[in-house]
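S.K.: Before we start, here is the structure in question, set down as structure tokens.
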């Protein structure tokens, strides 16, 4: 992996194709080990609505959502500890995060062809000075970024397999979401779909 000059997306840094095809395949193999240890699950919002994405986590903490609200937990909903974060993901963090701290959570979201993610902020962490690093694998996703408050003009960009996005500094709390997935746009995952990893410092 070699870092190129990133594109600017409202202060977010977009590194196009940072992770090469072979490294993507190795990372997917590592994620299969994570999912075997901590299976994907459908989170539920506090109102009881099931999200369209399936998720799991790796690291010291995992992000969970249920009728009790959004939070980090040291255990999977099944009561088991989260597995370790794959080394390739940690290498990406070291290359682009700009911080000496290491991620305590790697949230893994799986999007099938019909899944999406509404506009939201990542604000369940304790220190907003620490960035969120997002890795895209598999089918392309239409990523939309807004403002520090809901509403207003937004911008959208297609994220491709191997792209890395860094949300830091003033862009750390921008609203963002995924509007749709372009099914069949990548051959990385045999059954299609998109995997999104977000690495975060929690405490």
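The values are calculated or read from the model by the stated rules, or taken from the named source; none is laboratory data. No experiment lies behind these values; they were computed from the predicted model shown. Glycine gets a Cβ as well: all are built from the backbone with ideal geometry, and neighbour counts include every protein chain shown.
S.K.: Here are 181, 195: which of them is more than 26 Å from residue 59 (Cα to Cα) and buried (at least 20 other Cβ atoms within 10 Å of the Cβ)?
M.R.: Testing whether each residue is more than 26 Å from residue 59 (Cα to Cα) and buried (at least 20 other Cβ atoms within 10 Å of the Cβ) leaves just 181.
S.K.: Which residues, counting only those in the range 1-27, are farther than 28 Å from residue 173 by Cα and either in contact (Cβ under 8 Å) with a residue 24 or more places away in the chain or in contact with a strand residue (DSSP E or B) (Cβ under 9 Å, 6 or more places away or on another chain) (or both)?
M.R.: Our first condition is that a residue be farther than 28 Å from residue 173 by Cα; within the range 1-27, this holds for 20-23, 25-26.
Residues satisfying the conditions are 20, 21, 23, 25, 26.
S.K.: Restricting attention to the range 56-71, and to residues there that are assigned to a strand (DSSP E or B) and at pLDDT below 95, which single residue is surrounded by the most Cβ atoms within 10 Å (Cβ to Cβ)?
M.R.: Once the filter is applied, the top-ranked residue is 63.
S.K.: Taking the condition over 19 Å from residue 178 (Cβ atoms), surrounded by 16 or more Cβ atoms within 10 Å (Cβ to Cβ) and touching a residue at least 40 places away in the same chain (Cβ under 8 Å), does residue 86 pass?
M.R.: For residue 86, the condition - over 19 Å from residue 178 (Cβ atoms), surrounded by 16 or more Cβ atoms within 10 Å (Cβ to Cβ) and touching a residue at least 40 places away in the same chain (Cβ under 8 Å) - is met.
S.K.: Ok, one more. Go through the residues of the range 107-128 one by one and say whether even a single one is surrounded by fewer than 19 Cβ atoms within 10 Å (Cβ to Cβ), closer than 20 Å to residue 9 by Cβ and more than 15 Å from the chain's Cα centre (by Cα).
M.R.: Yes, that holds for at least one residue.
S.K.: Being surrounded by 13 or more Cβ atoms within 10 Å (Cβ to Cβ), modelled with pLDDT under 95 and closer than 16 Å to residue 88 by Cα is the filter here, so list the residues in the range 1-52 that pass it.
M.R.: 1
S.K.: Consider residue 103 against the criteria (1) surrounded by 19 or more Cβ atoms within 10 Å (Cβ to Cβ); (2) under 23 Å from residue 140 (Cβ atoms): it satisfies all of them except one. Which criterion is unmet?
M.R.: (2)
Per-residue answers, yes or no, for (1) out of contact with any strand residue (DSSP E or B) (no Cβ under 9 Å at 6 or more places or on another chain); (2) free of Cβ contacts under 8 Å to residues at least 40 places away in the same chain; (3) closer than 16 Å to residue 97 by Cβ:
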{"position": "113", "(1), (2), (3)": "no, no, no"}
{"position": "130", "(1), (2), (3)": "no, no, yes"}
{"position": "133", "(1), (2), (3)": "no, no, yes"}
{"position": "151", "(1), (2), (3)": "yes, yes, no"}
{"position": "154", "(1), (2), (3)": "no, yes, no"}
{"position": "165", "(1), (2), (3)": "no, no, yes"}
{"position": "178", "(1), (2), (3)": "no, no, no"}
{"position": "184", "(1), (2), (3)": "yes, no, no"}
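S.K.: Among the residues of the range 178-203, how many are farther than 25 Å from residue 21 by Cβ and over 11 Å from the mean Cα position of the chain (by Cα)?
M.R.: Step one: list which residues in the range 178-203 are farther than 25 Å from residue 21 by Cβ, which gives 179, 200-203.
Of the ones still in play, those that are also over 11 Å from the mean Cα position of the chain (by Cα) are 179, 201-203.
Of the residues in that region, 4 qualify.
S.K.: Could you give every pair whose Cβ atoms fall below 7 Å, whose first residue belongs to the range 89-109 and is at positive phi and touching a residue at least 40 places away in the same chain (Cβ under 8 Å), and whose second residue is crowded, with 16+ Cβ neighbours inside 10 Å and not in a helix (DSSP H, G or I), counting only separations of at least 6 or pairs across chains?
M.R.: 98/131; 98/168
S.K.: With 157, 166, 178 as the choices, which residue is more than 18 Å from residue 30 (Cα to Cα), touching a helix residue (DSSP H, G or I) at 6+ places or on another chain (Cβ under 6 Å) and not in a loop (DSSP other than H, G, I, E, B)?
M.R.: 166
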